[in-house]
1. Of all residues in the range 190-207 being over 23 Å from ALA265 (Cα atoms) and at pLDDT below 95, which is farthest from the chain's Cα centre (by Cα)?
2. Which residue out of ARG284, ARG288 is over 17 Å from the mean Cα position of the chain (by Cα), basic (Lys, Arg), in a helix (DSSP H, G or I) and more than 19 Å from ALA374 (Cα to Cα)?
3. Quick one: in the range 211-235, of everything that is of a type in the set (Gly, Ala, Ser) and under 26 Å from the mean Cα position of the chain (by Cα), which residue is surrounded by the most Cβ atoms within 10 Å (Cβ to Cβ)?
4. Is it true that some residue in the range 173-195 is open to solvent by 70 Å² or more (accessible area, probe 1.4 Å) and under 23 Å from ALA145 (Cα atoms)?
5. Scan the range 194-225 for residues that are farther than 13 Å from THR181 by Cα, in a loop (DSSP other than H, G, I, E, B) and touching a strand residue (DSSP E or B) at 6+ places or on another chain (Cβ under 9 Å) and report the count.
6. Within the range 230-262, how many residues turn out to be out of contact with any strand residue (DSSP E or B) (no Cβ under 9 Å at 6 or more places or on another chain) and either in a strand (DSSP E or B) or in contact (Cβ under 8 Å) with a residue 60 or more places away in the chain (or both)?
7. Could you look through the range 314-333, keep only residues that are in a loop (DSSP other than H, G, I, E, B) and either open to solvent by less than 20 Å² (accessible area, probe 1.4 Å) or modelled with pLDDT of 95 or more (or both), and pick out the one that is farthest from GLY204 (Cα to Cα)?
8. State all residues of the range 236-271 that are open to solvent by 10 Å² or more (accessible area, probe 1.4 Å), small (Gly, Ala, Ser) and in contact with a Phe, Trp or Tyr (Cβ under 8 Å, 6 or more places away or on another chain); if no residue qualifies, say none.
Amino acid sequence: MTKITSFIFLPFATLVFTASVFAFSSRSSSFHPIATYSSFPTHSSQSFQYLHVPTSCHSHCFDENNIDDDNLMIETINNRRSFLARTLTSSSLLLPLSSNAASTPVQRAVGSAESNCRLNNNCLETFELDGAVGWNWGGTERCAAGDTMCGPDGKLRDEPLKGKPVPSLSVNNGETTLEITNVVVVTLQIGSGSNAEIQSLKVGLYGNQCPKLTSQFLSLCTNGIVTSKDLLLGAPVKLGNECGLLTYIRPEQRLEFGIPSQKVAYAKSIRKAKAPDEFVPQSRPGGRVLDEIRGEKSARNHDAAGLVSVPKDGIGYGDVGGLLSVGTRSDDEAYASAFQITADAVPEMDGKEGRKVIGQLMDGESMSVLARLAGSPLRKMVPGQNGGSPLIKVVVLDCSAFEVGGVQSGLGSAGSE
């Protein structure tokens, strides 16, 4: 009976809720929906507010600042719950509610009540309406996101995370020894304001095994990727100068970095609120460069933490956390999933995803930063997904490349030819 009831009332409850948000928002100053295009919440939304983005743009395209005030969050949740209760009970829906539904606690760990009711298939009966429509919300019982002991589930860990060993250069049971030809230092800012901290990831690239992919990665970090020099107004795609972000985390498995929007990046570079209408983003690499990149093989399997991985067709052809295919994104968003770093062995990146390893982290300090970021708190996730964007903003301040031996790299752009 529970399954039948949920099946009948869930679609209508969702409709009533969505249609009523606008009327309620005009009367209540403590409820803050943000303008909408799509009716699905994304995991990059403000921690406990609605954020709806165009369906053509994954949540990584926008990474607004950080965490809602707890008092505002509590007030928002209380008003939202009372509003939903009035809306649904005043309609002619005959929802089977348990006797203690009105006393459901508001303050709770991230998403626990919604997850439990979906497992038990009784979200409507227990009045967990967010769970019924597939949304997870947080509560004040979550740990502080800036605390290094705070995990992706909003709970404090029992002990600090430890970085895993630096990957060995000896692969294939010792039959092959990889060589580092270039070193890239990616400087990150974790958080913002007075609480921000600076950390670095030291990356070594396998230039002999993957020369074209290495060149492309170095271009992203130095002069920028250029696929067309004939644009009326365009700019190279660069990772540094706060243009690049940590866009996606699959907890304790991988990190993803990229440039969510070339327009936003260009606007930052010229210190404007938005890019001029004449600005044209760089397209994905093509032509002979793309053919050569497709012909290169991965230097090794994704069999350890700390490996730098790019899409099988190279930078510009990522699928944004496995959620959006290349064909669904505009050129502006083409580099939102530029590269990933493994936080563990991930065999599916070899087989199903066909990604290519082009380098690795070089020291224990970088491995510790990797472990911390891979285990950091997430914004709420899209139902059915096992990752999300970081709750605390992580930006790439600088990306410097050097040849082994200390000579700075001065490679040109890697685009179409």
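The values are calculated or read from the model by the stated rules, or taken from the named source; none is laboratory data. All figures in this text were calculated on a predicted structure; none of them were measured in a lab. For neighbour counting, all protein chains shown are included, and Cβ atoms are generated from backbone atoms with ideal geometry for every residue, glycine included. Areas reflect the complete protein model, heavy atoms only, side chains present, ligands, DNA and RNA absent. Shrake-Rupley method; radii C 1.70, N 1.55, O 1.52, S 1.80 Å.
1. Taking the range 190-207 as the starting set, the residues that turn out to be over 23 Å from ALA265 (Cα atoms) are 194-195, 202-207.
Within this subset, residues satisfying the condition of being at pLDDT below 95 are 194-195.
On the way: SER194: 24, ASN195: 21 Å.
Among those that are over 23 Å from ALA265 (Cα atoms) and at pLDDT below 95, it is SER194.
2. Only one candidate qualifies: ARG288.
3. Start the filter on the range 211-235 by keeping residues that are of a type in the set (Gly, Ala, Ser), which leaves 215, 219, 224, 228, 234-235.
This time we only want the ones that are under 26 Å from the mean Cα position of the chain (by Cα), so: 215, 219, 224, 234-235.
Working: SER215: 21, SER219: 25, GLY224: 19, GLY234: 19, ALA235: 20.
That would be SER219.
4. For the range 173-195, residues open to solvent by 70 Å² or more (accessible area, probe 1.4 Å) and under 23 Å from ALA145 (Cα atoms): present.
5. Adding up the residues that qualify gives 3.
6. Final tally of qualifying residues: 2.
7. ARG329
8. The answer is SER261, and nothing else.
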